[in-house]
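Working notes, beginning with the structure itself.
The values are calculated or read from the model by the stated rules, or taken from the named source; none is laboratory data. Here the structure is a predicted model, which is why all the values come from computation and not from measurement. All Cβ positions, even for glycine, are placed from backbone atoms using ideal geometry, and neighbour counts span all protein chains on display. Side chains included, ligands, DNA and RNA excluded: accessible areas come from the protein's heavy atoms. Shrake-Rupley method; radii C 1.70, N 1.55, O 1.52, S 1.80 Å.
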Amino acid sequence: MKKNSILFVIIVLLISLAGESCKQKGNSLRKAGIDNPFDSALVAPFFSQYSELKKYEKDLTAIYRNYKYSPIWFDEKGLAENGQSLYSLVKGLDDEGISIPFPYQKNIGDIFSTEPGKTFSTTDVELMLTSLYLFYADKVYKGIDNTTSPSIEWFLPRKKVSYSALLDAFISDPGSQNNDSLILFSQYYKLRDALKHYRNIEKKGGWAAIDLNPDIKAYELNDTAFAIQQIRDRLFITGDLAQNKISNKYDADLEAAVKKYQVRNGFKPVSQIKPRLIQDMNIPVGE
């Protein structure tokens, strides 16, 4: 009985301390001019004003219900660092292969601009950043919609996205790949790295087309031809060939590079270089 009494006192104290901590945070936010919690009735007018974000209203409302309408992107000092982290992630969406801009990109830019300009209410900033988070999660974690997936032959099962759970993880550690691993599968990072790799090649000018001789059915080991040097140059650019040299002879080093290229691109690795393989090498880097 005595142990139960002590346990009861400890629980009461913990609840009291937690409540006091929330109260202190609330007082600090109020001193900074931020309502804690903010008025839930302001959500609908926000989406009326920013109608292109309307699709996120349901998820946004669910998030704030979970947070009891407390600010997510503000602390007692004002706009919190996690807001800046989110903004940086969205600015880097091009690295993820996503070229769709946020509908109100200029407004977001104005929020984080150091230049004096348009001012927004703290509630509008709060809701705009949560909408930005939902936009990011929608494009990066959720990706293309289910109706489009079959047309590009994407049949991998999808994980269900909990925006609230992801947001909790993001706030505790913005930008961590541990957060991404809740949704993304490991191949995603390989695809992203490959995209960066090919874009870097494109910036350097890509690769030249290899001559296709209609009289040649295949190049065999130890054959010589001008196209052999072109193939050597092509495979060096993509990293399949470690060292390039001036030689139009099909040697063992080039054979290993050809097989490496074939494995990477879904071909059966063989020594012969046939026109079909050269045609594949001639696909422009942009494509």
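At-a-glance table
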read-out: Test result for Glu52, open to solvent by 20 Å² or more (accessible area, probe 1.4 Å), acidic (Asp, Glu), closer than 15 Å to Leu129 by Cβ and modelled with pLDDT of 85 or more; value: no
read-out: Any hit, segment 96-117, residues being among the polar types (S, T, N, Q), touching a helix residue (DSSP H, G or I) at 6+ places or on another chain (Cβ under 6 Å) and either modelled with pLDDT of 80 or more or open to solvent by 90 Å² or more (accessible area, probe 1.4 Å) (or both); value: no
read-out: Checklist (1) exposed (fewer than 14 other Cβ atoms within 10 Å of the Cβ); (2) under 24 Å from Asp95 (Cα atoms); (3) touching a residue at least 60 places away in the same chain (Cβ under 8 Å) applied to Ile201, failing item; value: (1)
read-out: In segment 242-263, the residues that are out of contact with any strand residue (DSSP E or B) (no Cβ under 8 Å at 6 or more places or on another chain) and either surrounded by fewer than 13 Cβ atoms within 10 Å (Cβ to Cβ) or polar (S, T, N, Q) (or both); value: Ala242, Gln243, Asn244, Lys245, Ile246, Ser247, Ala252, Gln262, Val263
read-out: Every pair of residues 6+ apart whose Cβ atoms lie under 6 Å, when the first sits in segment 35-58 and is under 22 Å from Leu79 (Cα atoms) while the second is basic (Lys, Arg); value: Pro37/Lys68; Phe47/Lys54
read-out: Residue list for segment 59-95, restricted to those being closer than 15 Å to Asp168 by Cα, touching a residue at least 24 places away in the same chain (Cβ under 8 Å), more than 22 Å from the chain's Cα centre (by Cα) and open to solvent by 60 Å² or more (accessible area, probe 1.4 Å); value: Asn66, Lys68
read-out: Cβ-Cβ under 9 Å pairs, at least 6 apart or on other chains, segment 224-247 side aromatic (Phe, Trp, Tyr), far side open to solvent by less than 30 Å² (accessible area, probe 1.4 Å); value: Phe236/Ala257
read-out: Scan of segment 79-90 for residues that are in contact with a helix residue (DSSP H, G or I) (Cβ under 9 Å, 6 or more places away or on another chain) and not aliphatic (A, V, I, L, M), ordered by number; value: Asn82, Gly83, Gln84, Ser85, Tyr87
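The rows are residues; the columns are (1) outside any helix (DSSP H, G or I); (2) closer than 21 Å to Val140 by Cα.
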residue	(1), (2)
Glu52	no, yes
Glu57	no, yes
Lys68	yes, no
Pro71	yes, no
Gly83	no, yes
Leu86	no, yes
Val90	no, yes
Ser99	yes, yes
